[in-house]
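Visitor: Please find one structure pasted underneath; my questions will follow.
Coordinate-derived values only; no laboratory data. Bear in mind the structure is a predicted one, so any value in this text is a computation, not a measurement. Glycine also receives a Cβ, built like all others from the backbone with ideal geometry; neighbour counts cover every protein chain displayed.
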Amino acid sequence: MAIIGGGISGVSAALHLAERGFAVALLEGEDIGWGASGRNGGQALPGFGASQAKIKSLVGAADSKKLWDMSVEAVDLLHAQIQRFGIPCDPVVGYLHAAVKPRHVRELQETQDELVALGAPPGELLQGEALRARLNSPRYLAALTDGIAGHIHPLNYTLGLAQAAQAAGAKIFSGTRVTSVEPGKTVAVRTARGTVTADFLLVAGGAYLGGLMKPLAGYIMPVGTYIIATEPRADVAAMIPGNEAVADLNFVLDYFRRSADDRMLFGGRVSYSTLPPPSLPESMLARACKVFPQLKGARVEFCWGGNVDITVNRAPHFGRLADNILFVQGFSGHGVALTGLAGKVAAEAIAGQAARFDVFAKIPHSRFPGGRAFRVPALLLATTYFRLRDML
Ligand SMILES: Cc1cc2nc3c(=O)[nH]c(=O)nc-3n(C[C@H](O)[C@H](O)[C@H](O)COP(=O)(O)OP(=O)(O)OC[C@H]3O[C@@H](n4cnc5c(N)ncnc54)[C@H](O)[C@@H]3O)c2cc1C
């Protein structure tokens, strides 16, 4: 059994397959967690990059409910694995979905109705004093509490899962980029260091897969997103006293949280070329100061970015390229929790129980039009409308 990619998807699959007795070789071109899994904002949420209404329109009511339930299971699985393997990744439960404008407040109310229909806790809509007590910012009109979502230290989580996979018997080869794949009854997975032959292959290269698997390339678009970490500050705890993770409802959203060592981790901005925007630390701090004016003059100690694997409809993209070649990708910026479950359901499918994997595989997807040169302007055109909407 071979796996391409040492992000959460790949290491979770390695763990679950090794525990089922498979001989697993995971091939990672750089280091474990080098991709999105080690760089992200650590916000662990149920649901998908696409809204639940969109998922329902794609697969119908019955399957959209199954998908929602599996996305909640994904968050439970994350916490269960942290507990089981004692992974030191500062897990916190608590989340605020924040409204910047009146339209967002209505959207939060609609979300509450949707959650009730899904049998999930509807959360509490905070406004006025109650809101300020939880989110000490002048920017927001309301926020919806979420008792399922929360946050973790994502690199430590990924590394911890990889260690658990190795302890279960999986072999992990870092610095081992796959250069080509030859399908067949036995799949040949070629690297500069040698060839792995396997009965099954799972492709989990996310936004970093490039053109390796030609039939997959057009379905995802790598988009850059960025995070800053301020210096540790005594006043950060008072900005989000309940230590929730927070994201707003804009299309190009701000997402932020406290770190365990009292930094403000503030994420946002996007780059469709994946080249970092100019003056990134300064411009990110300026965004953060709109939310927390208290941060004016704060020192930015770290600034980094990474690529998310966006699909056209923002729903995850799982499937098969052959009976023995499976893939999971397209988490569309919403993968911290879902990737763990993706690895688990891929392992189930490889072990012969494909029902849950196939609920994901039923989600219809289309390719971004044209090659990469055209995908960027096409996506820009499509997203300009939503950016303009963010301003209203
Ligand atoms: C800056 C940033 C912030 C984010 N914030 C959040 C958040 O707060 N909440 C949330 O839910 N999601 C967030 N995401 C998205 C989330 O991180 C991803 O959905 C998730 O980590 C994807 O995991 P993965 O294992 O599928 O892919 P990755 O973690 O990207 O791993 C893929 C791996 O495959 C390897 N690879 C690719 N090609 C090859 C090859 N040919 N040979 C060998 N190895 C190869 C790469 O080196 C890489 O390590 C964020 C993403 C970024 C970039």
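Visitor: Among DSSP beta bridges whose residues both lie in the chain, state the antiparallel percentage, nearest 5.
Guide: Looking only at bridges with both residues in the chain, the antiparallel portion is about 75 percent.
Visitor: Provide the FRET efficiency to the nearest 0.05 for the residue 20-residue 51 pair, computing r from the beta carbons and using R0 = 41 Å.
Guide: 0.75
Visitor: Given a Förster radius of 41 Å and the C-beta distance between residue 362 and residue 167 as r, what FRET efficiency does 1/(1 + (r/R0)^6) yield to the nearest 0.05?
Guide: Efficiency, rounded to the nearest 0.05: 0.75.
Visitor: Which lysines, if any, have their Cα less than 27 Å from the Cα of residue 54, not counting same-chain residues under 8 positions apart?
Guide: Answer for residue 54, where 27 Å is the Cα cut-off: 65, 66, 101, 344, 362, listed by chain and number.
Visitor: Rank by packing, highest mean first: peptides 235-245, 91-101, with packing defined as the count of other Cβ atoms within 10 Å averaged across residues.
Guide: Order by mean packing, descending: 91-101, 235-245.
Visitor: What nm value, rounded to one decimal, do you get for the distance between residue 355 and residue 179 when each label is placed 7 Å out toward the C-beta?
Guide: Calculated label separation equals 4.4 nm.
Visitor: Over the chain, what portion of Cα pair distances is larger than 37 Å, expressed as a whole percent?
Guide: 18 percent
Visitor: Below 8 Å between Cα atoms, with a sequence gap of 6+, how large is the relative contact order for the range 1-130 in percent?
Guide: Taking the mean separation of contacting Cα pairs over the length of the range 1-130, I get 15 percent.
Visitor: Additional query: Treat each spin label as a single point 7 Å out from the Cα along the C-beta direction, and report the residue 79 to residue 30 distance in nm.
Guide: Spacing of the two 7 Å Cα→Cβ label points: 3.1 nm.
Visitor: Once Rh is set to the Kirkwood radius over Cα pairs, what Stokes-Einstein translational diffusion coefficient, in µm²/s, holds for the range 80-203 at a temperature of 10 °C and a viscosity of 1.306 mPa s?
Guide: In µm²/s, the coefficient is 84.
Visitor: Here is a further query. Under unit Cβ charges (Lys, Arg +1; Asp, Glu -1), what dipole magnitude, rounded to 20 debye, does the chain have relative to its Cα centre?
Guide: The calculated dipole for the chain is roughly 920 debye.
Visitor: Given 37 °C and 0.692 mPa s, compute D for the range 33-97 with the Stokes-Einstein relation, Rh being the Kirkwood radius over Cα pairs; round to the nearest whole µm²/s.
Guide: 241 µm²/s
Visitor: Here's a follow-up. Any idea which of 321, 265, 293 is furthest toward the positive side of the dipole for the range 263-346, if Lys and Arg beta-carbons carry +1 and Asp and Glu beta-carbons -1?
Guide: Farthest along the dipole direction, towards plus: 293.
Visitor: Something else: Evaluate 2.2 N^0.38 Å with N set to the residue count of the range 1-118, then give the Cα radius of gyration divided by it.
Guide: 1.30
Visitor: Then there's this: Return an integer: the convex hull volume of the alpha-carbon atoms of the range 68-113, in Å³ per residue.
Guide: Per-residue hull volume (Cα only) is 84 Å³.
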